[in-house]
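S.K.: My structure is below; once you've seen it, I'll send some questions.
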Amino acid sequence: TAFRLFGDRVKYWTTFNEPIVPVEMGYLNHYHYPAIVDMKRAVVVAYHSMLASALAIKNYRTLKQDGKIGIILNLTPSYPRSDEEADVRAAHIADLFFNRSFLDPSVLGEYPDDLIQILKEHELLPKVEQTDDNLIKENTVDFLGVNYYQPRRVKKKETEIEPDAKLTPEHFFDHYEWPERRMNPYRGWEIYEKGLYDIAINIKENYQNIPWYVAENGMGVADEERFIDENGMIQDDYRIEFYEEHLKWLHKGIEEGSNCFGYHVWTFIDNWSWLNAYKNRYGFYRLDLDSQK
């Protein structure tokens, strides 16, 4: 319906924005509805999201509207603590679960063999129809949107797993705090600008150098009214520096041949978050909650 109503004017479409989030927040954590921890159901939700994306792409192309259709993924590069084989393996598994489970089928039209093997070993494979393989293979994206905020740092599993704990991706690795990290304390996220360059090169080398753009990148800060000057403007040099450093690394990736065609920030004006309401502000423009100006 959306294609028929707007397809004569809208020429760039995306099927999903951050499809991992409902999976991670609703089926591996208690943050979003239905707030259960069930990795088998998480896999089913992820798989059916990819089938839905492929069906939307197939439907769009049958209408021959002379546009392009893609998907937006929040990619979080996984960095191992060390070159030790077990650390590298842990980072690889984190990458499979949180990035490649959507990236590979969207761009390459197939799932990584080692991801399938892990799911099989733990009896997590979803029910698959005979036509699914071709549906995913024949309906890959024209372009990719990337949301980037922070890296994921992991090490081999060292903490003990409770005997009655439900299986989650964290059974395969532990999170690791890099001693040299710089943090945004308001969001609890590491600031690592080079991650955007690493994404650019990964897309170039492993994903057919598909056209892509940065769909979201930004810095959320709480209590910014501390920095309002006499003219009513927030002095947020920290945010300017955040964008400047990310753009430098993105530029380096483009110079080295990565096919990036755009950069969007999160966000134009402060917006409401499912988890944080207006606690962390991201906007180029501040929203005054009292006046709504």
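S.K.: May I ask you to give the percent of accessible area on the chain that is carbon plus sulfur, with a probe radius of 1.4 Å?
M.R.: 51
S.K.: Also: List, largest first, the extents of the alpha carbons of the range 127-183 along their principal axes, each in whole Å.
M.R.: Answer, in whole Å and largest first: 44, 35, 14 Å.
S.K.: How large are Rg and Dmax for the range 108-217 when calculated on the C-alpha trace, in angstrom?
M.R.: Rg and Dmax of the range 108-217, Cα atoms, are 17.9, 49 Å.
S.K.: For a quick size check, give me the Cα extents of the range 151-203 along its three principal axes, largest first, whole Å.
M.R.: 40, 29, 18
S.K.: Would you mind giving the average projected area, over all directions, of the Cα convex hull of the range 56-104 in nm² with one decimal?
M.R.: Result: 4.3 nm².
S.K.: Turning to a different aspect of this structure: Counting only Cα atoms, I'd like the Rg/Rh figure for the range 169-268, Kirkwood definition for Rh.
M.R.: We get a ratio of 1.05 for the range 169-268.
S.K.: Now a separate question. Taking the dipole about the Cα centre of the range 30-183, with the C-beta of Lys and Arg at +1 and of Asp and Glu at -1, give me whichever of 79, 135, 99 is farthest to the positive side.
M.R.: 135
S.K.: Sticking with this structure for a sec: On average over all directions, what projected area in square nanometres does the chain have, based on the convex hull of its Cα atoms? Please report the intermediate quantities before stating the final value.
M.R.: Values: hull surface 73.7 nm².
Seen from a random direction, the Cα hull of the chain projects 18.4 nm² on average.
S.K.: Stokes-Einstein D for the range 1-152 at 4 °C, 1.567 mPa s, Kirkwood Rh over Cα pairs, in µm²/s?
M.R.: Details: Rh = 16.6 Å.
The diffusion coefficient I find is 78 µm²/s.
S.K.: Quick check: convex hull over the Cα atoms of the range 219-274, volume per residue in Å³, rounded to an integer?
M.R.: So the per-residue hull volume is 114 Å³.
S.K.: Still on this structure, please answer the following. Please work out how much accessible surface residue 101 shows to a 1.4 Å probe, ignoring ligands, DNA and RNA, in Å² rounded to 10.
M.R.: Surface accessible to solvent at residue 101 totals approximately 20 Å².
The values are calculated or read from the model by the stated rules, or taken from the named source; none is laboratory data. Keep in mind that this is a model prediction, so the values were computed, not measured. Using ideal geometry, Cβ is built from the backbone for each residue, glycine included, and neighbour counts are taken over all protein chains shown. Note: accessible area is taken over every heavy atom of the protein model, side chains too, but ligands, DNA and RNA are not part of it. Shrake-Rupley method; radii C 1.70, N 1.55, O 1.52, S 1.80 Å.
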